[in-house]
1. Give the cross-link partners of Lys189 among the aspartates and glutamates, using a straight C-alpha distance below 20 Å as the criterion and excluding same-chain residues fewer than 8 apart.
2. Give the Rg (one decimal place) followed by the Dmax (whole number) of region 525-643, computed from C-alpha coordinates and expressed in Å.
3. May I ask you to list the aspartates and glutamates whose Cα is less than 17 Å away from that of Lys616, ignoring any residue fewer than eight positions away on the same chain?
4. Mind jotting down a quarter of the surface of the convex hull over the alpha carbons of region 397-510, in square nanometres, one decimal?
5. Could you work out the relative contact order of region 525-643, using alpha carbon pairs under 8 angstrom and six or more residues apart, expressed as a whole percent?
6. If we count other beta carbons within 10 Å of each Cβ, what is the order of Trp347, Trp529, Trp444, fewest first?
7. Pairs to check: Lys538/Lys639; Lys301/Lys360; Lys143/Lys174; Lys251/Lys538; Lys427/Lys464. Give those whose C-alpha atoms are more than 26 Å from each other in this structure.
8. Using modelled backbone amide H atoms (1.01 Å from N, in-plane), which distant-in-sequence or interchain residues come within less than 5 Å of Val331's amide H?
Amino acid sequence: MAELAAQLSRQRSLRPANRSDKLSVILHADVAGSTKLVQQDEHLAHERIQDAFRRFSDIIDRYSGHVREIRGDALLAEFDRASPAVTAALNFQIEQIQCNAQRNESIQPTFRVGIAMGEVFTADDVITGAGVVLAERVEKLAKPGCVCITEAIHEAMPQRMPFDEISLGEQKLKGFDEAVRVYTARLHKGSALPEPADVSVTIKLPVVPRLVITATIVLIVAGGLLAWLQPRASRFEPASVAQMAYPLPDKPSVAVLPFDDMSSDPVQDNFADGLTDNIIISLSQIGDLFVIARHSSFKYKGKPVDIRAVGRDLGVRYVLAGSIQRSLDSVRVMAQLIDTETAGHVWAERIDRPLEDLFKVQDEITNHIVGMVASVGAGQGKLQKVEFERVALTPTKSLQAYDYFLGGVSDRFTEDDNLIARRMSEKALDVDPKSVRAIAKNAWTHLQDYWNGWGESPEGSLVKAVELARAAIASDPNDTWSHWSMASALLLQQQHDAAIQEYQRALELSPNDADVLIEYGWALAYAGWPEDGIPFMKSAIRLNPHPPGWYLWDLAWAYFGAHRYQEALEALEKQEPKTNFTYLLLAACYAQLDRVEEAATAMKQFRELEPEYSIKLAATTEPFKHPQDLAHWLSALRKAGLP
């Protein structure tokens, strides 16, 4: 009992102070079989689900309801009375069936809807309480394309409404001790749906028997007490710590999922991604947090997600999810921080601001996350206030420059993408010459030219990269990207000690930056300390558990330098996609293990992709600090059969 009391006390402490309590009608809807739809065609499924929710939102608005949340494959709405809620739900289901009938493809989203009446409280336009939990549970009983309602909704419906309500009997619902009678609501055959005006007038409800009122109160208080007292209970089951792919870190851990773009303009998708990126970068600068890297978070972009699966997959305690809608002169951001252990909302808020305040919104969200995680994660490590105070991510003062910058952001590494990124960063700098991230991005494009042999003068590209990195650091000495680009450039110039210092400075500024961590380990291998670099690289992969292929190549490179050839092979076998130099390193590792045939096969694959590469070229392009490390590499290549 003492443990339960302590739990309830903690849950009460998380309830917002500016809340209002009332009895409401809650509608909850989700997509039936959303995972299967996404597996068939991820882009089309996401597009059609979002289109359906936009139409559903319009219908809810016409029937005087209020959409409170849209997230992935779920929608939550609130009504003052039962009849508009049921009418809106049936209206949408009929419209959706007609819409799907006009489509030949198999991507035809169908929805389940549950409607319940119960006690709720609202704070900052976020609704929570037993009524919400009950609607979610009832929705699970609905067949695809159908609407289920509770007995309280059934009793409150005027008899004149043209609906058939078919009893499904008493149902045992998770989280509620008492069984609940549930009905399927349908439009009566041959009848027309009531217009909004016909259900918006004041209707005298039939007198509900005292026994029904008493039973409802008992149900809410006894059955839903824990869910009622905690923050808005998530529609997702809590993550099992025992089933997580990784043990939870010893400090508060957060994954930021890609924010949904709620605007009708697909061009704004970059804007939503930019907000997500900036929040991740801000949080990554706080050493007392553990923040999942962008590449792994963006694995979930455009997909209906199960918070349980995210928590297990990434091994995190908290998930931030949200949406952004940008108009001509304003921006609306919905954000919610979910505890994957309890499946409850730690914090949620809707933020409406003028568009020019976008960067303030980003800092506000980051501040909220830090504050809330600090308040509930005391056992996982304390957050230093002074550490957060230096984090203020303002990539530019100009929204136009910001839009240009986002236009050059890409996860691909082709020569054309690199040129686009350079042009966009230069346009951003034309508008705001002091945009430090645009300067750093420009430096990176020249580093890409050097690494990949693009452009007319790779050596000239390296000199330009150093020049730009130096300018970025002068513009803002506390920018991680600037020091990272300088570190990479110095390493390629074989200024190993200076490069190591720049990597270390970048990590001081952003301890959770997985890209910097993995490359720091790679640089240590070139500097003669591969064993020292491997732990940093493993930390990077823990922060980025779904890493890009180059992470695994870099790790394999460090293993090779440490003469741990079998572990290098294991890393390379996991690398996807494999590149030309994957086969070269495979050949070298096989040769060192005297696996002659496998070495020959890998070398043949490499030579087909890089017929001009030779021992002489390898000797002049790898920035080893010590001659013996270069000799080790060249010896393995000769043994593998490189000319």
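1. Glu95, Asp164, Glu165, Asp198
2. 13.6, 39
3. Asp629
4. Values: hull surface 26.6 nm².
Answer in nm², one decimal: 6.6.
5. That works out to 25 percent.
6. In increasing order of surrounding Cβ atoms, one gets Trp529, Trp444, Trp347.
7. Checking Cα-Cα distances, Lys538/Lys639 exceed 26 Å.
8. Amide H neighbours of Val331, under 5 Å, 5+ apart: Arg353, Leu355.
Taken together, the values in this text are just the output of simple stated rules run on the coordinates, not laboratory data. These numbers come from a predicted model, not from an experiment. Note: ideal-geometry Cβ built from the backbone for every residue, glycine included; neighbour counts use all protein chains shown.
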